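Participant: Shown below is the structure under consideration.
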Amino acid sequence: MNIFAVPTKPYLDQKFGTSGLRKKTADFQQENYLENAVQSIFDCLTGFEGKTLIIGSDGRYYSAHAVQVIIKMAIANQFGHIIIGQEGILSTPAVSHLIQKRQAFGALILTASHNPAGKEGDFGIKYNISTGAPAPANLGDAFSDRCSKIDRLWMIQSPDVDLSYQHEETLGSTLIEVIDPVSDYAQYMQEIFDFEAIKTLFKNGFKMTFNAMNAVTGPYAKYIFEELLGAESGTVINGTPLPDFGGLHPEPNLVYAKDLVDLAYSENAPDLCAASDGDGDRYMILGKSFFVTPADSLAVLAEYIEKIPFYKGKFYGAARSMPTADALDAVCHKLKKECYQTPTGWKFFGSLLEDKKISLCGEESFGAGSFHVMEKDGLWAILFWLNILAITQKTPQKIVTELWKKYGRVYAKTYSYHTNDTEAVTHLLDSLSSRIPGLIDLSFDDYSVLKASIFNYTDPVSNEQTTNQGIIIDLSKGARIFVRASGTSSSGATLKVYLSQKSTDIQSDPKDLLQPLEKTAQDLLQIQKYLGDKVEITET
Ligand code: VG1
Ligand code: CO
């Protein structure tokens, strides 16, 4: 097999962020754009010769081509074994599981996760390390740095590998294994949860609708829910991965999964509605006419974790990303467990999970996970809920209401302000940072500021420092504003404003209760002054 060096020129915009490198598909289609990213990743790794690389994709447009390019580059770079899902498909949590199960050196995942797909949409690549966790921040920085200097690639010339069937073949001295993407993951879920109890739940007439958003989880969900657990056929909707996700924006929330929300609030609502995102690491849960917020959902998982035999005696502690409202904290406090707050991005949970400081973690965007894999895992979270519903025989509404009665309710909302003016978001945040000392004791109509600070994080295990992860403003009446810039926009910039307020009143409409806080945030952050009128606002 002839391995040859190809000269290349760097692109200056290849920066690995919160979840790898995420850009417009058209950017990735530029000459050597993908190749530069892949070679830069390989150039920052050592000791992988002869070892195993896993390659997976969420099935989006350009993946089919990208997977073939990566196979050839991995062979040229001397990986000894490549494991790849049939048709290139593997969800992010399934990859994370396989890395551990097959003791792989690492994995490349082709996805832009919740960002829309297609020619006009986004594409992305991320690298996961040998524990199954996303590359830590310092490795991501090394990838970006290498991308800015790259001048050659390693390549082979060979026909494409046929990924349409499961088989093994050898190319050069590299073994290529095309596997069923679903079976290992499904097997693992059966080791974690009580499938018999959930089967009985469905047998007794429990109804569920799961929206796979035409993205990666369809095949997993059909097999697990409909075949293994006996949920009726049609439980999984939008269950075939499509290159453009059928035009859907695969972000499971009140805005982008509106059809599912409407179903949950309709007369014919099933007992449970759920959805996942593009690469299968996020989820959403709704009971009949009842939306479970990500923060409440995480608190529920903590409350019930030791009821799942797999976790019995293994609840070491928990963590939430800083933007996530603090419902989890009260449960941890009650159970005398530590509750950590991390910056946004799953990579910050990795060291805590590995060091057994935590068993459970989650984010405000409906990512949740545990030590079972080192990624967030959407279907796992839904199975966790099903297991809870099966053992308690309660509805999601009842489960969550009981939690509120016990610990109080935390009302939460996220406002995302998207603008094409990237500088405007930076100016707003810079100005807010510089105003911090003067904010303290400021009074608005409804609230006064108690504390304000920049969120800097020191990893409790590695001591690695990550600075400037947002601004925390604690207000009177148990209210909080957290503000930061999104790290996953592929164009322009998005300011994210996370509002939360604790209350013993559990009956209010979140919209009403949080309205004065939203007004205070507008005034305090001076959103109108910095971002002007040309903003697209999403409320989740
Ligand atoms: C968003 C979410 C964050 C999540 C990230 C990646 O980030 O807010 O919680 O970790 O997406 O998720 P940002 O920087 O845009 O706020 V995924 O499932 O899209 O990889
Ligand atoms: Co995702």
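The values are calculated or read from the model by the stated rules, or taken from the named source; none is laboratory data. Remember, predicted model here, so these are calculated numbers, not experimental data. Cβ atoms come from the backbone with ideal geometry, glycine included; neighbour counts cover every protein chain shown. Accessible surface areas use protein heavy atoms only, side chains included; no ligands, DNA or RNA. Shrake-Rupley method; radii C 1.70, N 1.55, O 1.52, S 1.80 Å.
Participant: Any idea which of (1) modelled with pLDDT of 90 or more; (2) among the aliphatic types (A, V, I, L, M); (3) over 21 Å from the mean Cα position of the chain (by Cα) is the one ALA485 doesn't satisfy?
Facilitator: ALA485 satisfies every listed condition except (3).
Participant: Right, something else. Filter segment 356-370 down to residues that are within 11 Å of ligand 1 (Cβ to nearest atom) and in a loop (DSSP other than H, G, I, E, B), then give me how many there are.
Facilitator: Of the residues in segment 356-370, 4 are within 11 Å of ligand 1 (Cβ to nearest atom) and in a loop (DSSP other than H, G, I, E, B).
Participant: Inside segment 371-405, can you point out the residues that are open to solvent by 10 Å² or more (accessible area, probe 1.4 Å) and not in a helix (DSSP H, G or I)?
Facilitator: Correct list: PHE371, MET374, LYS376, GLN393, LYS394, THR395.
Participant: Please state which one of LYS312, LYS334, LYS347, LYS356 is within 23 Å of ALA137 (Cα to Cα) and surrounded by fewer than 20 Cβ atoms within 10 Å (Cβ to Cβ).
Facilitator: Numbers: LYS312 fails: within 23 Å of ALA137 (Cα to Cα); LYS334 fails: within 23 Å of ALA137 (Cα to Cα); LYS347 fails: surrounded by fewer than 20 Cβ atoms within 10 Å (Cβ to Cβ).
Selected residue: LYS356, the only one of LYS312, LYS334, LYS347, LYS356 that is within 23 Å of ALA137 (Cα to Cα) and surrounded by fewer than 20 Cβ atoms within 10 Å (Cβ to Cβ).
Participant: For segment 221-255: of the residues being free of Cβ contacts under 8 Å to residues at least 40 places away in the same chain and within 23 Å of ALA117 (Cβ to Cβ), which is surrounded by the fewest Cβ atoms within 10 Å (Cβ to Cβ)?
Facilitator: THR240
Participant: Pick out the one residue from ALA327, ALA275 that is under 30 Å from PHE123 (Cα atoms), surrounded by 22 or more Cβ atoms within 10 Å (Cβ to Cβ) and in contact with a Phe, Trp or Tyr (Cβ under 8 Å, 6 or more places away or on another chain). Step through it out loud before you land on a result.
Facilitator: On the way: ALA327 fails: under 30 Å from PHE123 (Cα atoms).
One residue alone meets the criteria, ALA275.
Participant: Take the conditions in the same structural domain as ILE305 (by TED's automatic domain parsing) and either without any contact (Cβ under 8 Å) to a residue 60 or more places away in the chain or open to solvent by 40 Å² or more (accessible area, probe 1.4 Å) (or both) and apply them to LEU175. Does it pass?
Facilitator: Values: in the same structural domain as ILE305 (by TED's automatic domain parsing): no; either without any contact (Cβ under 8 Å) to a residue 60 or more places away in the chain or open to solvent by 40 Å² or more (accessible area, probe 1.4 Å) (or both): yes.
For LEU175, the condition - in the same structural domain as ILE305 (by TED's automatic domain parsing) and either without any contact (Cβ under 8 Å) to a residue 60 or more places away in the chain or open to solvent by 40 Å² or more (accessible area, probe 1.4 Å) (or both) - is not met.
Participant: Quick one: which strands (runs of 3 or more DSSP E) sit completely within segment 471-539 and have at least 3 residues that are closer than 26 Å to SER113 by Cα and free of Cβ contacts under 8 Å to residues at least 24 places away in the same chain? Write out each step before concluding.
Facilitator: Working: elements: 471-475, 479-485, 493-503, 536-539.
Where strands (runs of 3 or more DSSP E) fall fully within segment 471-539, none carries at least 3 residues being closer than 26 Å to SER113 by Cα and free of Cβ contacts under 8 Å to residues at least 24 places away in the same chain.
Participant: Of the residues in segment 258-284, how many are in contact with a helix residue (DSSP H, G or I) (Cβ under 7 Å, 6 or more places away or on another chain) and more than 16 Å from ligand 2 (Cβ to nearest atom)?
Facilitator: Initial filter on segment 258-284 (in contact with a helix residue (DSSP H, G or I) (Cβ under 7 Å, 6 or more places away or on another chain)): 269, 272-283.
This time we only want the ones that are more than 16 Å from ligand 2 (Cβ to nearest atom), so: 269, 272-273.
Count: 3.
Participant: Between a residue in segment 115-128 that is hydrophobic (A, V, I, L, M, F, W, C) and any residue that is open to solvent by 10 Å² or more (accessible area, probe 1.4 Å), which pairs come within a Cβ distance under 6 Å, given they are 6 or more apart or on different chains?
Facilitator: That search, which allows pairs on different chains as well, returns ALA117/TYR61; ALA117/ASP244; PHE123/TYR62; ILE125/GLY20.
Participant: Exactly one condition in (1) under 19 Å from PHE349 (Cβ atoms); (2) open to solvent by 10 Å² or more (accessible area, probe 1.4 Å); (3) among the hydroxyl-bearing types (Ser, Thr, Tyr); (4) at pLDDT below 95 is false for SER158; which is it?
Facilitator: The failed condition is (1).
Condition check ((1) aliphatic (A, V, I, L, M); (2) over 16 Å from LYS376 (Cα atoms)) across all residues:
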position: GLU49; (1), (2): no, yes
position: ASP58; (1), (2): no, no
position: VAL69; (1), (2): yes, yes
position: ILE75; (1), (2): yes, yes
position: PHE79; (1), (2): no, yes
position: LEU90; (1), (2): yes, no
position: LEU98; (1), (2): yes, no
position: PHE105; (1), (2): no, yes
position: LYS126; (1), (2): no, no
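Participant: If a residue must be open to solvent by 40 Å² or more (accessible area, probe 1.4 Å) and either outside the structural domain of LYS314 (by TED's automatic domain parsing) or β-branched (Val, Ile, Thr) (or both), how many such residues does segment 189-209 contain?
Facilitator: 1
Participant: Just checking, which of PHE123, PHE79, PHE143 is within 16 Å of ligand 2 (Cβ to nearest atom) and of a type in the set (Phe, Trp, Tyr)? Break it down stepwise before answering.
Facilitator: On the way: PHE79 fails: within 16 Å of ligand 2 (Cβ to nearest atom); PHE143 fails: within 16 Å of ligand 2 (Cβ to nearest atom).
Testing whether each residue is within 16 Å of ligand 2 (Cβ to nearest atom) and of a type in the set (Phe, Trp, Tyr) leaves just PHE123.
Participant: Related question: Condition (residue is away from ligand 1 (no atom under 16 Å from the Cβ) and in contact with a strand residue (DSSP E or B) (Cβ under 7 Å, 6 or more places away or on another chain)) applied to segment 483-501: is it met by at least one residue?
Facilitator: The initial filter retains those residues of segment 483-501 that are away from ligand 1 (no atom under 16 Å from the Cβ), namely 501.
Filter again for in contact with a strand residue (DSSP E or B) (Cβ under 7 Å, 6 or more places away or on another chain), leaving 501.
Scanning segment 483-501, I find at least one residue that is away from ligand 1 (no atom under 16 Å from the Cβ) and in contact with a strand residue (DSSP E or B) (Cβ under 7 Å, 6 or more places away or on another chain), so the answer is yes.
Participant: Turning to a different aspect of this structure: Among (1) open to solvent by less than 50 Å² (accessible area, probe 1.4 Å); (2) modelled with pLDDT of 95 or more; (3) over 21 Å from ASP326 (Cβ atoms), where does SER431 come up short?
Facilitator: Only one criterion in (1) open to solvent by less than 50 Å² (accessible area, probe 1.4 Å); (2) modelled with pLDDT of 95 or more; (3) over 21 Å from ASP326 (Cβ atoms) is unmet by SER431, namely (2).
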